[in-house]
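Where a number appears in this text, it was derived from the coordinates with a stated rule and is not lab data. Not measured: the values here are computed from a predicted model. Cβ placement follows ideal geometry from the backbone for every residue including glycine, while neighbour counts extend to all protein chains displayed.
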Amino acid sequence: MKRTLLFTLLAATLFVSGVNAQSPVKADVGIKLGANFSQLGGDHWEQSYQPGVLAGALFGVRKHKIGLQVEVLVNSSHYTTKDLIDSVRKGDFRATYFDIPVLFEYRVLGTKLSPKVWVMAGPQFSNLMSIKSLNDYAGDAKSTFKSGNISAVVGVEVRYAKFTLGGRYILGVTNINNEDVSTIKQSWSSRSGQVYLGFRFI
């Protein structure tokens, strides 16, 4: 995962350098806050999106209709097992992730005086900071999950002045079930939808 992140950041740096070689670019620094609706793919998990929160900072550069945005985020995700694991009760888990999306963006609508619409896509690198059982369903729940996760992100943002309204979908492309520890030999993939508000200082 570290090598993939370094490669992506290197590609992003070369992208910025290429754009900057033509003419100066506009830089962005801001914050964002929103809701995260997540689920885990797999037969043992409830297939419903459950709410959590997200917050963090964003850093971007852009020129005309092309841009690059890198974010550092913390989000909470809620997962619930199905009855087929335990016939008596379900397991409820709250996970906290540290995310780094690296998003290439393109402006599809907007002028200087009107709201601008940007579409974006790219990889997201996530690290599991903590996970705990909300109902004492399991002991060391964190060891059951892999610490690293890579996802694909697509989204759209509407920007006006210094304010942003956005939404995106994140699909995990790696198995986060630590099968070396887990008693369940099955691939688990993370999925989430996010809506958020942002404010750009510059």
Problem set entry | Whichever lysines have a C-alpha closer than 25 Å to that of K63, once near sequence neighbours (fewer than 8 apart) are set aside | K26, K32, K112, K116, K162
For this session: Give me the lysines in straight-line cross-link reach of K185: C-alpha distance below 29 Å, same-chain residues under 8 apart excluded.
Result: K2, K82, K90, K132, K142, K146
Exercise. Which FRET efficiency value, to the nearest 0.05, is calculated for K185 and K90 with the Förster distance at 22 angstrom and r the Cβ-Cβ distance?
Worked result: 0.60
